[in-house]
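First the structure, in the form of structure tokens, and then the observations on it.
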Amino acid sequence: MSQRNRSGRGSNRNNGSGHGEEVQLWESAKEKFHEIVSGVNQENDNLTELLKLDKKAAIASMDGGKPTGSDLNKMEQNCRSGVKLSENNSNNIKNLIEQLKILKAVQQAKEATEAPATTSTSSRTGSSTRNRDAAAAALYDFDGAGDSPVPSPIGGNSRKFGDRGSNRDSMPPKADSVEPQGSTGSNTAGSSSGALGSSAASAARSKVSFSKGDKVAFKRKKDEPQQGEAPYDWILGEVVGVIGEGKSRRYKCLDVEPEDNVKPKEYKTFASGMIPIPPENQTHNLAKLEAGKMVLGLYPQTTAFYAADVVGTEADGKTVNLKFHGENDSSTTHQVERRYVLEFRP
């Protein structure tokens, strides 16, 4: 298998006006607001029509007759549509609430990280550093690499794929950072659990279990992130070991294709920092992705996942057309295998 590069996509990005993932999250939330309002209005219209038909049927019964077959069919269709609309609206509202929780956590962590030191003494500096580390831990529930550090993903041109790393004019919403998670284990993870353990999604993800040999996307802490870049990214890996049981269970994930042809490295992480990749023979069971949905996609000829918007899905359902955030040409789309198009985690 040929060497795949990750760093070329992010090495020359800048954060534009200084805003990052919180801006993208807010824009996505506003779109979800409109979608919810439209869905609720549609559900209300459907209910109004159903009530009209019900009233018509009641009048017919009072007159000694029966509702027409056409009216009964329409009532049945409205009932089915109402259930579907209600479930869809409920899911959208839950997703929006979760997204707003994430946005709040991202902003709080950013503010804590950027808070200026109150004194110039070394003890106060040390305390400020610890506070920033705690804030980062609360936002990014990941205990980093194992005993050896990861090679810097920033490096020189030798790690760039084509010209993906040159002349970047925008920065995506830090899709390589991670959603706030809650877990137990190390002191760092404990801080995360205390700050953000209330997240329902985080709790659900932490209950997901993985087995040795599973293919996953997992979040990796960068060794030397550039200014304006998130300290974490999502990469393709394989589960090579399981440590512990219950809430303290962690996994060893192997980065099978690291940069610079170095020896593959193992990272330790919790289930909340992993996204399962379904087997190739189960692609047909995956849900169809709606156009405009924000996802994490495996960038072609790399082993890194980035934020992208769904443009459409091929007829066979095996390939998805994605528009990755941060492309110089906003009209550029890429085809990605469906099983490598995952739920978006900022």
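None of the figures in this text is laboratory data; all of them are computed from the coordinates on show. Predicted model, so just to flag it, every value in this text is computed and none were measured. Ideal geometry is used to build each Cβ from the backbone, glycine not excepted, and the neighbour counts take in all protein chains shown.
Between VAL83 and SER61, what length comes free when the chain is fully extended (0.36 nm per residue of separation minus the Cα-Cα distance, one decimal in nm)? Can you show the working numbers first?
Numbers: separation 22, 0.36 × 22 = 7.92 nm, distance 2.60 nm.
Gain on extension, VAL83 to SER61, equals 5.3 nm.
What are the ³J(HN,Hα) values, in whole Hz, obtained from phi via the Karplus relation 6.51 cos²θ - 1.76 cosθ + 1.60 with θ = phi - 60°, for each residue of segment 321-334 in sequence order, with x given for Gly and Pro?
My calculation for segment 321-334 gives 8, 10, 10, 6, 5, x, 5, 4, 9, 5, 8, 6, 10, 10 Hz in order.
Would you list TRP234, TRP26 from fewest to most Cβ contacts within 10 Å? Please report the intermediate quantities before stating the final value.
Numbers: TRP234 27, TRP26 17.
The most exposed by this proxy come first: TRP26, TRP234.
Projecting each Cα onto the charge dipole of segment 27-114 (Lys/Arg +1, Asp/Glu -1 at the beta carbon, about the Cα centre), which of LEU85, ALA60, ASN41 comes out farthest on the positive side?
ALA60
If you plug each phi of segment 282-299 into the Karplus form 6.51 cos²θ - 1.76 cosθ + 1.60 with θ = phi - 60°, what whole-Hz ³J(HN,Hα) values come out, in order, with x for Gly and Pro?
Ordered by residue, 3J(HN,Hα) equals 10, 4, 5, 8, 6, 5, 6, 8, 6, 4, x, 5, 8, 9, 9, x, 6, 5 Hz.
Check LYS222: other-chain or 5+ apart residues with amide H under 5 Å from its amide H, H built from backbone geometry?
Residues meeting the criterion, in which the H sits 1.01 Å from N, are TYR232, ASP233.
Looking at the square roots a ≥ b ≥ c of the eigenvalues of the Cα gyration tensor of segment 27-114, which shape do they give, rounded for a/c under 1.5, prolate if a/b is larger than b/c, or oblate? Display every interim value, and only then the final one.
On the way: a/c = 5.36, a/b = 5.05, b/c = 1.06.
Cα axes put segment 27-114 in the prolate bin.
Which order do PHE218, PHE344 fall in if you start with the one that has the fewest other Cβ atoms within 10 Å? Provide the component values of the computation, followed by the final result.
Details: PHE218 27, PHE344 22.
Starting with the residue having the fewest Cβ neighbours, the order is PHE344, PHE218.
Under 5 Å between amide H atoms, partner at least 5 residues away or on a different chain: which partners does LEU289 have, H built in plane at 1.01 Å?
Result for LEU289 returns nothing.
Just to check I understand the Karplus step: with θ = phi - 60° and J = 6.51 cos²θ - 1.76 cosθ + 1.60, what whole-Hz values come out for segment 208-216, glycine and proline as x?
Each residue's phi maps through the Karplus curve to give 5, 10, 10, 10, 4, x, 5, 8, 9 Hz.
Could you pull out every residue, at least 5 positions away or on a different chain, whose amide H is within less than 5 Å of the one on GLY312? Hs are placed 1.01 Å off N in the peptide plane, and Pro or chain starts have none.
Residues meeting the criterion, in which the H sits 1.01 Å from N, are ASN321.
Order these peptides, 101-113, 52-64, by their mean beta-carbon neighbour count within 10 angstrom, highest first.
Working: 101-113: 17.7, 52-64: 12.2.
In descending order of packing, they fall as 101-113, 52-64.
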